[in-house]
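Q: Below: one structure in structure tokens.
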Amino acid sequence: VFGDRYGNVVFLGERDCSIQRRNQKVVEEAPSPAVDDKLRKAMGQAAVAAAKAVNYVGAGTVEFLLGRDKQFYFLEMNTRLQVEHPVTELVYGVDLVEWQLRVAQGEKLPLSQDEVLARRKGWAIEVRLCAEDPAQNYLPQTGTVLRWRAADGVRTDTYLRDGVEISPFYDSMQAKVIAWGEDREVARTRLIHALDDTLLLGVTSNRDYLLDVLRTEAFASGDFSTAFVGKHFPQDRLKDEKPTARQLALAAVAL
């Protein structure tokens with residue numbers, strides 16, 4: 001939701017963040033495969049009502065839990081943009097950070113609710129590329145980035161570059177990779193290709209883990225819940241697939 005100083009509040013659709021590990025989001029997308037237009041309107045109106053009740057100004061994220069019976073329940077409101085705000089920006093064609101700055105200096109919201117809804121187009125999916133080792137219970141990793149290359153054709157939000165030192169003093173997330181598509185399957189396929197083309201050498205990352213998540217039949221079908229990771233990626237199934245010294249030597253010879 002977004003509010004200005006003149007009592008205007010709009011909602012910019014929903015984001016599905018069901019795929020989580022220890023309450024930390026792994027994959028985020030907009031719109032949600034579980035939400036239709038009728039439900040989207042009802043949830044949006046509830047979110048706007050909550051924001052108006054406290055004369056809310058700026059960007060906010062109202063979180064709901066959605067049951068299979070399509071009933072939804074208020075969880076909390078985060079008084080800020082979330083990490084996954086780029087999927088909303090890509091689907092609605094807006095710059096929410098710019099909106100924050102404009103509203104903060106006293107301007108009205110640039111779009112009405114009807115104008116916002118009319119801009120919705122396509123699908124966007126985001127993954128969080130983290131310096132962590134899923135095979136070691138997602139242990140955060142540190143070290144020097146020997147080579148970083150972002151994929152073409154998608155949005156990558158990051159600070160990474162060759163030679164950067166990943167320290168133990170900050171969150172393990174190093175980049176957000178976001179793909180847009182005309183529909184959900186196009187976005188999913190583009191994101192898979194983008195991760196395949198993303199290069200992060202020198203530090204262990206969750207790139208391959210993210211690829212495995214995106215390729216599962218459950219994710220592709222759009223039929224999943226917050227139990228997804230525990231069901232499809234229990235810790236005892238995550239194998240350490242680091243190459244042996246012999247495999248590294250053979251790869252070097254091949255190159």
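Q: Assuming residue 144 fulfils every condition listed in (1) open to solvent by 70 Å² or more (accessible area, probe 1.4 Å); (2) in contact (Cβ under 8 Å) with a residue 24 or more places away in the chain; (3) hydroxyl-bearing (Ser, Thr, Tyr) apart from one, which condition is it?
A: All conditions pass for residue 144, except number (1).
Q: Any residue in segment 235-247 that is over 16 Å from the mean Cα position of the chain (by Cα), basic (Lys, Arg) and assigned to a helix (DSSP H, G or I)?
A: Yes.
Q: In addition: Any idea how many residues of segment 18-41 are open to solvent by less than 40 Å² (accessible area, probe 1.4 Å), not in a strand (DSSP E or B) and not basic (Lys, Arg)?
A: The number of residues fulfilling the criteria is 8.
Q: Starting from segment 40-53, keep only residues that are within 14 Å of residue 5 (Cα to Cα), then list their pairs with residues that are surrounded by 17 or more Cβ atoms within 10 Å (Cβ to Cβ) and of a type outside the set (S, T, N, Q) whose Cβ atoms are within a distance under 8 Å, requiring at least 6 positions of separation or different chains.
A: 51/1; 51/3; 51/9; 51/60; 51/62; 52/3; 52/9
Q: So, residue 98, is that one open to solvent by 20 Å² or more (accessible area, probe 1.4 Å), farther than 19 Å from residue 18 by Cα and either of a type in the set (Asp, Glu) or not in a helix (DSSP H, G or I) (or both) or not?
A: yes
Q: Let me ask you something else. Tell me, yes or no, whether segment 62-75 has at least one residue that is farther than 16 Å from residue 119 by Cα, open to solvent by less than 70 Å² (accessible area, probe 1.4 Å) and among the β-branched types (Val, Ile, Thr).
A: yes
Q: Mind listing just one residue for me: the one in segment 162-182 that is among the hydrophobic types (A, V, I, L, M, F, W, C) and within 23 Å of the chain's Cα centre (by Cα) and, of those, nearest to residue 123 (Cα to Cα)?
A: The residue in question is 180.
The values are calculated or read from the model by the stated rules, or taken from the named source; none is laboratory data. The model shown is predicted, which means the values in this text are computed figures rather than measured ones. Neighbour counts are summed over all protein chains in view; Cβ atoms, including those assigned to glycine, are modelled from backbone coordinates with ideal geometry. Side chains included, ligands, DNA and RNA excluded: accessible areas come from the protein's heavy atoms. Shrake-Rupley method; radii C 1.70, N 1.55, O 1.52, S 1.80 Å.
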